[in-house]
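Nothing in this text is a laboratory measurement; each read-out follows from the coordinates by a stated rule. Everything quoted here is computed from the prediction, not taken from an experiment. Cβ coordinates were reconstructed from backbone atoms using ideal geometry, including for glycine residues, and neighbour counts include every protein chain displayed.
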Amino acid sequence: MRLIRCDIPDVWLFEPKVFGDERGFFFESWNRRTLSDLGLDVDFVQDNHSRSVRNVVRGLHYQIEHPQGKLVRAIAGEIFDVAVDLRRRSPTFGRTVCFVLSADNKRMAWIPSGFAHGFCVVSEYAEYCYKTTDYWYPEHERTLAWNDPSLAIPWPLTAAPILAAKDAIANSIADCETFA
């Protein structure tokens, strides 16, 4: 497993070692000891799996209480993944980091707690799996506006975004709840 540092130092990409031959491929998608040796030593409590079609934008979501760290990956298709630092005391507060996760590149991203997170599907469809460090608490879930102009996220949409109702009415970073 190779660790790739991002522009925001707390967000990481992991690139697994893939073993392939004419039968297909094999790789470890999660190994606690390996990731701990690379510096990620967390306990995961929940696995989630979603499927979405092209131009779906999910997010930018976070939990103001019970914040979740997430280890995310695409297992089918391709997504444009985004993390936004919402930690007011952080030198990278309000900054975004974006990257492509796909079934082909097999990369995984670590999004620590204190970040809003979301993605856009750029392939015909994508399936997305992620582990979380805390459970989902709908009463603590918040949504940061995916299209906040101050974030200047370069969403690779090819048509109007397909949004959940909560994502269509989300707050800008100036008006959303943030972390100390």
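Each Lys and Arg Cβ is given +1 and each Asp and Glu Cβ -1; about its Cα centre, region 101-180 then shows a dipole of about 240 debye.
The overall shape of region 112-180, judged from the alpha-carbon gyration tensor, is oblate: a/c is not under 1.5, and a/b is no greater than b/c. Kirkwood's formula applied to the C-alpha pairs of region 57-179 gives a hydrodynamic radius of 14.5 angstrom. Among Leu151, Gly24, Tyr128, whose Cα projects farthest towards the positive end of the dipole of region 1-157, with charges put on the beta-carbon of Lys, Arg (+1) and Asp, Glu (-1)? Of the options given, the answer is Leu151.
Of the residues His140, Ile8, Gly94, the one whose Cα sits farthest towards the positive end of the charge dipole of the chain is Ile8 (charges of +1 on Lys and Arg Cβ, -1 on Asp and Glu Cβ, taken about the Cα centre). Pop the C-beta distance of Glu22 and Val100 into the FRET formula with R0 = 30 Å and round what comes out to the nearest 0.05. Step by step, r from the Cβ atoms, then E = 0.65. Charge dipole of region 1-126 (Cα centre as origin; +1 on each Lys and Arg Cβ, -1 on each Asp and Glu Cβ, all else neutral): 260 debye, rounded to the nearest 20. Working from label points 7 Å from Cα in the Cα-to-Cβ sense, the Ala165 to Ala180 distance is 3.5 nm. Note down the relative contact order for the chain as a percent, whole number, built from C-alpha pairs under 8 angstrom at least six residues apart. The normalised contact order for the chain reaches 29 percent.
Think of it as helices only: each DSSP H run of n ≥ 4 in the chain is worth -39500 (n - 2.57), and spread over all residues that comes to -1500 deg cm²/dmol at 222 nm.
A crude spin-label estimate for the pair His49 and Arg33, with each label 7 Å from Cα along the Cβ direction, gives 2.7 nm.
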